[in-house]
Structures are given as C-alpha cells and as structure tokens.
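The values are calculated or read from the model by the stated rules, or taken from the named source; none is laboratory data. Since the model is a prediction, treat every value here as computed from it, not as a measurement. Ideal geometry is used to build each Cβ from the backbone, glycine not excepted, and the neighbour counts take in all protein chains shown.
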Amino acid sequence: MRTAKSSSKFLSPVALALCLAAGGHAFAGPLPETENGRYSLSPAGDGVLRLDTRTGAVSTCTNSGAGWACYAVPDERTAMDSEIGRLQVDIGRLQAENEKLKSELASREPTVSGKIEEPLPKADSLKPPKVTEGERKIEIPLPSDRDMDRMMSFLENAWRRLIEMANRVQRDVNGKI
C-alpha cells in the first residue's frame, strides 16, 4: 500500500490529472519515477487506474479521508502463468512415469508376434464340447414345458393389463377434452 499526502490539502483527481498532463516539464532537474512516464494514469470511477509501464502492474488509486491510496489489482496473468508452470511439471512427471512403465512392459516376457504354428481348433457351436474323463462338464438346464407355460401365462396377463391401462388412460383423456 502506498499513500501520498499533501502537506496542506488533498489533491483532487482533477489536480492530479493536470499535474500528470503537464508531464513534469515545468520542474528543473532530474524527474522522479512518477513523472518520467513510468506510471500511466486513467480515470476510473471515483479514482484512477495506475499502470506501471516497467512491470505491467495495475493499481487502483482512490482519495480517502487520509489521502490517496493505491492498491494492486490481482493479476490474472500471474495466476495463469503459475497454473501453466504447475501443469508443465505434471506433464513432465507423467511422461517420465509413462516411459518407466513402457520400459517395465518391454522387459517382461516377449509377446507373440506373427502366426502361431498350430491352427486353432474349429468348434461347432451346435455340438456339445467333448468331455474327457476327469474334466468338468458344464450343463445348463433348460426350462421344462410347465415352466414355459407359466412364463407365457405371466406374459399374457402382463400384456392384458398394459392394454387395459392404456385404454383407461385414453378414455380419461377423451373425457377431459
């Protein structure tokens, strides 16, 4: 925070603008940094925006009861630059990890490339697989005729109920129109 006070009265924004417009040419001798073009001021609301032409920092300056005070405006570019730097570090870490995993994978047993010497056995989907002694046989029980009749009865009842419900809804809608 930077405050500039006048010894007798506070500068008004108009007086401050006039001093800056004069550019400090009326003064003899070396000029202070505020008057040699380092800062550029623009009116904004009840104060001014101050741009530091050397660093690019922007501040808002207002005249309070105690004098002029300038506060730095948060710089989104700095935040973005730090985020980009963090992401670049993450990318570098992930690339190194990726290379490490690739080398570990390459050091494992070699993968099969090309044609396999023995052809795959042709399986007939209609024939059950041959079972030799000692192997397990997988059986999938099919539903009986009684089970099929029960399922068909259930589906018929569900279908009838659905049609009855649709008819009731249609009558209700037609009755309201």
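The table below lists the values:
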read-out: Subset of region 53-67 [in a strand (DSSP E or B) and at pLDDT 85 or above]; value: Val58, Ser59, Thr60, Cys61, Thr62, Asn63, Gly67
read-out: Identity of the residue in region 47-75, β-branched (Val, Ile, Thr) and closer than 19 Å to Gly37 by Cα, that ends up surrounded by the fewest Cβ atoms within 10 Å (Cβ to Cβ); value: Thr55
read-out: Qualifying residue in region 75-89 (condition: at pLDDT below 85, outside any loop (DSSP other than H, G, I, E, B) and among the charged types (D, E, K, R)); value: yes
